[in-house]
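Enquirer: Attaching a single structure in structure tokens format; questions to follow.
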Amino acid sequence: MKPVLSDIEIAQQTELKPITEIAEQVGLTADDLELYGKYKAKVSFDAIRRLQSRPDGKLVLVTAINPTPAGEGKSMTTIGLAQAFNRLGHKAVVAMREPSLGPVFGIKGGAAGGGYSQVLPMEDINLHFTGDMHAITTTNNLLAAAIDNHVHQGNELRIDVRRVIWKRVLDMNDRALRNLTIGLGGKVCGFPREDHFMITVASEIMAVLCLAEDLEDLKQRMAKITVAYDLDGNLVTAGQLGVAGAMAVVMKDAIKPNLVQTTEQTPALVHGGPFANIAHGCNSVIATKLAMKMGEIAVTEAGFGADLGAEKFMDIKCRFGHIKPSAVVIVATVRALKMHGGVKKADLQEENVKALEAGFANLAKHIENMRIFNVPVVVGINRFLSDTDAELETLTRLCEDYGVPVALNDCWAEGGEGGKDMANLLLPLMEKDASPYCPLYDVNETIPEKLEKIVTRIYGGKGVIFEGKAQKQVKELEAFGLDKMPVCVAKTQYSLSDNADLLGAPENFYVTVKDVRVCTGAGFIVCETGNIMTMPGLPKVPAANRMDIDEKGNITGLF
Ligand code: ADP
């Protein structure tokens with residue numbers, strides 16, 4: 001057996017090809033690239049336009065069951081599956097999200113895949129990469145600064161400082177910044193008001209980057225962003241503050257997709273990174289559509305469980321991007337299903353077939369949900385070293401009994417070789433698929449109707465409760481005529497419900513909506529449920545405590 005190496009050790013042992021050579025594989029020349037060193041590049045809009053005449057490749061979406069705190073291997077599977085397609089002679093390209101520094105230094109560590117299925121150079125991708133997160137943070141905070149400056153300079157728009165919606169952001173888990181008072185210090189420091197920070201990936205700017213078609217569309221969306229109410233209760237936009245042009249300027253490079261390579265030199269576009277619990281959870285439409293032009297098959301992911309990431313992929317990203325996956329892979333792990341069946345984290349190493357059988361209800365619900373969207377589904381069991389034969393056989397049998405094709409997924413240990421069974425199951429399904437795009441709801445339904453459908457059909461709950469404030473916000477949006485947009489639910493990732501402790505496939509629960517806000521730039525309505533927070537905190541021992549760098553610049557502990 002091979003020794004078990006950490007993600008970063010495998011990454012550091014892998015020889016990289018110059019990114020110009022990776023680009024050549026998909027018909028891009030050095031002129032099509034804007035190089036960020038030898039191994040990273042942005043793809044120019046001229047190149048993207050040139051590729052428009054090519055036919056679209058097939059799209060595969062990778063999603064998962066409700067995760068345990070460590071993540072279940074979606075990114076890893078996305079990368080491994082694309083490598084597997086390539087090994088089988090089908091040109092495949094990855095389209096996935098950029099990591100945020102919050103989880104990198106918090107609980108999870110890096111987010112560039114794992115084992116022998118990673119995107120490289122993983123250190124760069126996990127840290128500052130090509131600066132997109134910085135650009136998004138700056139753009140967001142330029143708008144925040146413009147609001148307070150407008151008020152300070154005479155407040156011509158009569159912004160109600162008690163009703164500023166726009167929050168500042170930082171790409172860091174920092175609970176101390178959730179609620180604060182700004183503008184203290186006297187006349188030259190502006191007007192004091194309550195303010196809040198979110199993590200950058202929750203910013204509407206991130207959503208705009210991920211949903212915009214091009215720079216012009218991005219600029220128009222920037223102008224439409226709602227920032228505050230005025231004293232008469234009317235909405236104030238970024239356009240009225242006169243900074244939409246400058247915001248687009250800051251984003252001029254961030255909007256271009258980033259090209260890197262996997263551990264097996266498969267081309268990968270890593271672009272945009274909203275979380276799926278507090279935002280819409282998918283990489284940029286630009287990158288996904290480009291991957292479909294670059295390869296015969298594009299493999300992309302949606303964050304967290306299929307209740308969050310995949311639902312939003314189908315109802316938000318596909319709707320705006322006019323795309324549709326030809327097949328969906330649901331990643332499941334024995335250990336997470338055992339947790340859904342009642343096993344404590346500390347006992348996961350021990351075989352427990354009974355708990356696995358009980359926890360299967362969670363996977364079954366996600367399979368049923370993907371069928372609602374009318375796409376072929378395959379389960380990929382991400383094998384961990386601690387899984388026993390009896391557990392793997394049980395899970396395989398449960399899937400077969402449920403009528404869903406299932407394959408073992410060894411992409412972590414074997415790279416693309418370990419994904420061939422999954423790829424071979426997918427190929428005939430993708431060939432056959434001719435089903436129309438089938439979203440869950442019509443945008444013209446009311447906000448409560450749309451949410452009711454998500455909660456009852458996808459989460460398996462009884463219904464939705466709008467708290468007093470949220471009820472008022474819904475009425476307000478209806479009065480403004482801004483309610484006919486898709487809904488982006490902010491909810492815990494750990495449960496199908498809005499209560500992180502309800503594992504498995506809970507029933508008879510209600511989802512409580514506490515806050516409803518409109519993202520007029522992104523084009524959706526965010527409904528915050530349960531106790532979800534848009535600025536995470538660090539755990540007792542953050543991943544950051546394990547990281548180090550030596551005098552030669554070698555990094556350790558980045559997973
Ligand atoms: P997700 O996308 O679901 O959040 P990732 O693909 O980012 O999950 O993987 C999270 C972590 O789990 C990574 O460090 C990865 O190396 C590790 N991991 C994934 N699959 C396996 C596996 N089969 N065995 C051991 N570790 C794994």
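Enquirer: Among the residues of region 350-387, which ones are surrounded by 15 or more Cβ atoms within 10 Å (Cβ to Cβ), within 15 Å of the ligand (Cβ to nearest atom) and not basic (Lys, Arg)?
Expert: If the condition is that a residue be surrounded by 15 or more Cβ atoms within 10 Å (Cβ to Cβ), within 15 Å of the ligand (Cβ to nearest atom) and not basic (Lys, Arg), then ASN362, LEU363, HIS366, VAL379, GLY380, ILE381, ASN382, PHE384, ASP387 are the ones that fit.
Enquirer: Shifting gears a bit: Against the conditions (1) at pLDDT below 95; (2) surrounded by fewer than 23 Cβ atoms within 10 Å (Cβ to Cβ), where does ALA202 fall short? Just the number, please.
Expert: (2)
Enquirer: What pairs can you find where one residue is in region 361-384 and touching a residue at least 12 places away in the same chain (Cβ under 8 Å) and farther than 13 Å from LEU429 by Cβ, the other is aromatic (Phe, Trp, Tyr) and more than 16 Å from the ligand (Cβ to nearest atom), and their Cβ atoms are less than 8 Å apart, with a gap of 6+ or different chains?
Expert: These pairs meet every condition: ALA364/TYR402; ILE367/TYR402.
Enquirer: Mind telling me which of the residues GLY109, GLY89 ends up being assigned to a loop (DSSP other than H, G, I, E, B), among the small types (Gly, Ala, Ser), assigned by the TED database to the domain that holds HIS280 and away from the ligand (no atom under 13 Å from the Cβ)? I'd like the intermediate steps shown before the answer.
Expert: On the way: GLY109 fails: away from the ligand (no atom under 13 Å from the Cβ).
Just one listed residue meets the conditions, GLY89.
Enquirer: Here is a follow-up. Does any residue of region 270-287 turn out to be of a type outside the set (A, V, I, L, M) and without any contact (Cβ under 8 Å) to a residue 24 or more places away in the chain? Spell out how you get there, then give the answer.
Expert: Of all residues in region 270-287, those of a type outside the set (A, V, I, L, M) come to 271-275, 277, 280-284.
Narrowing further to those that are without any contact (Cβ under 8 Å) to a residue 24 or more places away in the chain: none.
No: zero hits.
Enquirer: Could you check, for region 296-311, whether at least one of its residues is small (Gly, Ala, Ser), at pLDDT 95 or above, in the same structural domain as CYS399 (by the TED database) and assigned to a loop (DSSP other than H, G, I, E, B)?
Expert: Scanning region 296-311 turns up no residue that is small (Gly, Ala, Ser), at pLDDT 95 or above, in the same structural domain as CYS399 (by the TED database) and assigned to a loop (DSSP other than H, G, I, E, B).
Enquirer: So, PRO55, is that one within 13 Å of the ligand (Cβ to nearest atom) and over 14 Å from THR262 (Cα atoms) or not?
Expert: no
Enquirer: Sticking with this one: Between a residue in region 5-27 that is under 15 Å from VAL43 (Cα atoms) and any residue that is of a type in the set (A, V, I, L, M) and within 16 Å of the ligand (Cβ to nearest atom), which pairs come within a Cβ distance under 9 Å, given they are 6 or more apart or on different chains?
Expert: ILE19/VAL260; ILE22/VAL260; ILE22/ALA268
Enquirer: Let me ask another. Do you know which residues across region 512-555 are part of a strand (DSSP E or B) and not aliphatic (A, V, I, L, M)?
Expert: Going residue by residue through region 512-555, those that are part of a strand (DSSP E or B) are 512-519, 524-529, 548-549, 555.
Within region 512-555, THR512, LYS514, ASP515, ARG517, CYS519, PHE524, CYS527, GLU528, THR529, ASP548 meet the criteria.
Enquirer: Using beta carbons and a limit of 7 Å, which pairs, at least six apart or on different chains, have the first residue in region 101-125 and more than 17 Å from MET172 (Cβ to Cβ) and the second one among the acidic types (Asp, Glu) and surrounded by fewer than 24 Cβ atoms within 10 Å (Cβ to Cβ)?
Expert: Listed by first residue and then by second, the contacts come to GLY114/ASP7; GLY115/ASP7; TYR116/GLU414; GLN118/ASP7; MET122/ASP7.
Enquirer: Further question on the same structure: What single numbered condition from (1) free of Cβ contacts under 8 Å to residues at least 40 places away in the same chain; (2) of a type outside the set (Val, Ile, Thr); (3) in contact with a Gly (Cβ under 8 Å, 6 or more places away or on another chain) fails to hold for LEU211?
Expert: Checking LEU211 against (1) free of Cβ contacts under 8 Å to residues at least 40 places away in the same chain; (2) of a type outside the set (Val, Ile, Thr); (3) in contact with a Gly (Cβ under 8 Å, 6 or more places away or on another chain), the one that fails is (1).
Enquirer: Can you tell me which residues in region 406-424 are surrounded by fewer than 19 Cβ atoms within 10 Å (Cβ to Cβ) and more than 16 Å from the ligand (Cβ to nearest atom)?
Expert: ASN424
Enquirer: Considering only region 398-452, state which residues are touching a Pro at 6+ places or on another chain (Cβ under 9 Å), among the charged types (D, E, K, R) and at pLDDT below 95.
Expert: Matches in region 398-452: LYS432, ASP433.
Here is a yes/no grid of residues against (1) in contact with a Phe, Trp or Tyr (Cβ under 9 Å, 6 or more places away or on another chain); (2) within 23 Å of ALA248 (Cα to Cα); (3) modelled with pLDDT of 95 or more; (4) of a type outside the set (Gly, Ala, Ser):
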| residue | (1), (2), (3), (4) |
| --- | --- |
| ASN140 | yes, yes, yes, yes |
| ALA145 | no, yes, yes, no |
| ASN155 | yes, no, yes, yes |
| ARG168 | yes, yes, yes, yes |
| ASP174 | yes, no, yes, yes |
| THR181 | no, no, yes, yes |
| LEU209 | no, yes, yes, yes |
| GLU216 | no, yes, yes, yes |
| ILE225 | yes, yes, yes, yes |
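Enquirer: Please work out which one of (1) more than 16 Å from the ligand (Cβ to nearest atom); (2) touching a strand residue (DSSP E or B) at 6+ places or on another chain (Cβ under 8 Å); (3) part of a helix (DSSP H, G or I) is the condition GLY80 fails and give its number.
Expert: Checking GLY80 against (1) more than 16 Å from the ligand (Cβ to nearest atom); (2) touching a strand residue (DSSP E or B) at 6+ places or on another chain (Cβ under 8 Å); (3) part of a helix (DSSP H, G or I), the one that fails is (1).
Enquirer: Further question on the same structure: Output yes when any residue across region 33-47 is within 16 Å of the ligand (Cβ to nearest atom), at pLDDT 95 or above and surrounded by 17 or more Cβ atoms within 10 Å (Cβ to Cβ), and no when none is. Please lay out each step first, then the result.
Expert: Going through region 33-47, the residues within 16 Å of the ligand (Cβ to nearest atom) turn out to be none.
Looking through region 33-47, none of the residues is within 16 Å of the ligand (Cβ to nearest atom), at pLDDT 95 or above and surrounded by 17 or more Cβ atoms within 10 Å (Cβ to Cβ).
Condition check ((1) of a type in the set (S, T, N, Q); (2) in a helix (DSSP H, G or I)) across all residues:
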| residue | (1), (2) |
| --- | --- |
| GLU414 | no, yes |
| MET422 | no, yes |
| LEU425 | no, yes |
| THR456 | yes, yes |
| GLY461 | no, no |
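Enquirer: Given the conditions (1) modelled with pLDDT of 95 or more; (2) part of a helix (DSSP H, G or I), report the number of the one that VAL329 does not fulfil.
Expert: (2)
The values are calculated or read from the model by the stated rules, or taken from the named source; none is laboratory data. Values in this document were obtained by computation on a predicted structure and should not be read as measured data. Positions of Cβ are backbone-derived with ideal geometry, glycine not excepted, and every protein chain shown enters the neighbour counts.
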